[in-house]
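The values are calculated or read from the model by the stated rules, or taken from the named source; none is laboratory data. All values reported here derive from a predicted model rather than from experimental measurement. Virtual Cβ from ideal backbone geometry, glycine too; neighbours counted across all protein chains shown. Ligands, DNA and RNA are stripped out before the accessible areas are found, and what is left, the full protein with its side chains, is counted by its heavy atoms. Shrake-Rupley method; radii C 1.70, N 1.55, O 1.52, S 1.80 Å.
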Amino acid sequence: QDHVCSLPKVPFRGAPCSDAAGSQVPYATIMKQVNSSVSGVLWDEVQKAPFYEYKDSVGQFHQVWFDDPHSISLKAAYVKSRGLRGIGMWNGNSLDYSREAVAEQQTKAMWQALTP
């Protein structure tokens with residue numbers, strides 16, 4: 001179905017279906033792959049997060065969910081508006097710290113989004 005990608009049931013810490021079935025993709029890979037994906041960037045209004053869809057070399061369908069500066073800034077603004085003590089993010093070392101101009105801009109935008 002369109003925009004439905006199910007994970008296989010892989011037991012992990014007692015959960016019947018978990019992220020143990022998926023894998024982490026570095027932000028640099030996401031930023032390069034999204035442009036050649038079959039969908040381009042899509043937005044989920046419930047999760048307030050972007051994702052895209054692609055087919056691999058054998059034609060298998062995949063979805064990649066990620067945060068970008070927009071989704072991070074929405075989450076950071078929510079934390080601030082509720083007077084919560086902070087926000088965490090998953091693996092800031094997955095950002096692209098190369099010296100390429102586009103990578104530097106993307107990484108800077110991600111860190112800036114954490115401070116509304």
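Restricting region 71-99 to residues that are touching a Pro at 6+ places or on another chain (Cβ under 8 Å) and exposed (fewer than 15 other Cβ atoms within 10 Å of the Cβ), the residue that is nearest to TYR27 (Cα to Cα) is ALA77. Would you mind stating whether PRO26 is surrounded by 11 or more Cβ atoms within 10 Å (Cβ to Cβ) and without any contact (Cβ under 8 Å) to a residue 40 or more places away in the chain? Taking the combined requirement at face value, the residue does not satisfy it.
In region 100-111, the residues that are under 14 Å from ILE30 (Cβ atoms) form Cβ pairs under 7 Å with partners that are β-branched (Val, Ile, Thr) and open to solvent by less than 100 Å² (accessible area, probe 1.4 Å), at six or more places apart or across chains, as follows: MET110/ILE72.
Listed by first and then second residue, the pairs with beta-carbon distance under 7 Å, at least 6 apart or on different chains, first residue in region 29-42 and surrounded by 15 or more Cβ atoms within 10 Å (Cβ to Cβ), second polar (S, T, N, Q), are MET31/GLN106.
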